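Here is the structure we will look at, set down as structure tokens.
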Amino acid sequence: MAALTSNTTNSNRQIHFIGKSSYTVRLVGNQHVKAFPKWLVSKGAHPYLLGTSDISQVSEEGLYKSVLPSISWFGIDIVPTFFQKIKVDKDDESIRVKISIEDSVVDLLGSDYGNKSNSFGTSLVLRVMKKCSFTGGNSMSCIKYNLDGMDHLELSSELTLSLAVPLTSRLMILPPGFNTIGNKIFQNEAEKRVKDNLLNLVEEYNLSILDF
């Protein structure tokens, strides 16, 4: 199951693209499910929790550098690098993992404009996106429940992500549809990533999803 809300706000000469996406699966009780909660809080699960295999630990306090897959954005590719922390809370019946974005940097790659008539638009988008930043994070829960005398797991992921795009000049005129189209791009990315990350986690541990 998936749910998503997204919107765009303008404040302090910044445009904010905000997405909130969630996805939930119920997992069939078997030997894999019984061992899954322990694996979820191990380092083996980190690439799936952080959304990429390109990760490195940068501090003993659990700060990780994560290079995320690129986002196609008005003819350029944004490659976000997040500095994220993982925090785990657990009891006998549930585990909650919170991944927070502490800082971010971006690399900008390529362009599909490629002709003089669009060079100004490309240059403008590149200029504003060089200073963009991401905030937010992901909360994942793993909860035991009983169905027909068998223990199962409900695995949920909720992503909240904000992209701040600074406008460096009051005279800056962005390409037509920048807010509307940008919001749709950001919405689609948020929805796709929260679902894919959760399903990749399930697939990696060879779990079966319960139909309901």
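Flag: Ile101 does not match the condition of being touching a His at 6+ places or on another chain (Cβ under 9 Å) and either surrounded by 15 or more Cβ atoms within 10 Å (Cβ to Cβ) or modelled with pLDDT under 85 (or both).
A Cβ distance below 7 Å, combined with a sequence gap of six or more or placement on separate chains, defines the contacts here; from the range 131-160, residues that are closer than 26 Å to Val79 by Cα and modelled with pLDDT of 95 or more reach residues that are aromatic (Phe, Trp, Tyr) and open to solvent by 20 Å² or more (accessible area, probe 1.4 Å) in the pairs Ser157/Tyr23. Do you know which of the residues in the range 198-212 that are out of contact with any Leu (no Cβ under 8 Å at 6 or more places or on another chain) and assigned to a helix (DSSP H, G or I) is most open to solvent (accessible area, probe 1.4 Å)? Checking each candidate, the answer is Glu203. Restricting the range 124-135 to residues that are open to solvent by 30 Å² or more (accessible area, probe 1.4 Å) and of a type outside the set (D, E, K, R) leaves a set whose member that is nearest to the chain's Cα centre (by Cα) is Thr135.
Selection of the range 66-77 for residues being in contact with a Leu (Cβ under 6 Å, 6 or more places away or on another chain) and open to solvent by less than 20 Å² (accessible area, probe 1.4 Å) yields Ser66, Ile76.
You will find that of Leu171, Leu163, the residue that is at pLDDT 90 or above and either of a type in the set (A, V, I, L, M) or open to solvent by 70 Å² or more (accessible area, probe 1.4 Å) (or both) is Leu163 and no other.
So which of Asp89, Asp77 ends up being of a type in the set (D, E, K, R), part of a strand (DSSP E or B) and within 30 Å of Leu174 (Cα to Cα)? Result: Asp77 is the single residue among Asp89, Asp77 that is of a type in the set (D, E, K, R), part of a strand (DSSP E or B) and within 30 Å of Leu174 (Cα to Cα). Can you spot a residue in the range 142-152 that is open to solvent by 50 Å² or more (accessible area, probe 1.4 Å), in a loop (DSSP other than H, G, I, E, B) and of a type in the set (Gly, Ala, Ser)? Looking through the range 142-152, at least one residue is open to solvent by 50 Å² or more (accessible area, probe 1.4 Å), in a loop (DSSP other than H, G, I, E, B) and of a type in the set (Gly, Ala, Ser).
The values are calculated or read from the model by the stated rules, or taken from the named source; none is laboratory data. Keep in mind the model is a prediction, meaning the values are calculated, not measured. When we count neighbours, we look across all protein chains shown, and the Cβ atoms used for this are built from the backbone with ideal geometry, even at glycine. Keep in mind that these areas ignore ligands, DNA and RNA; they rest on the heavy atoms of the full protein, side chains included. Shrake-Rupley method; radii C 1.70, N 1.55, O 1.52, S 1.80 Å.
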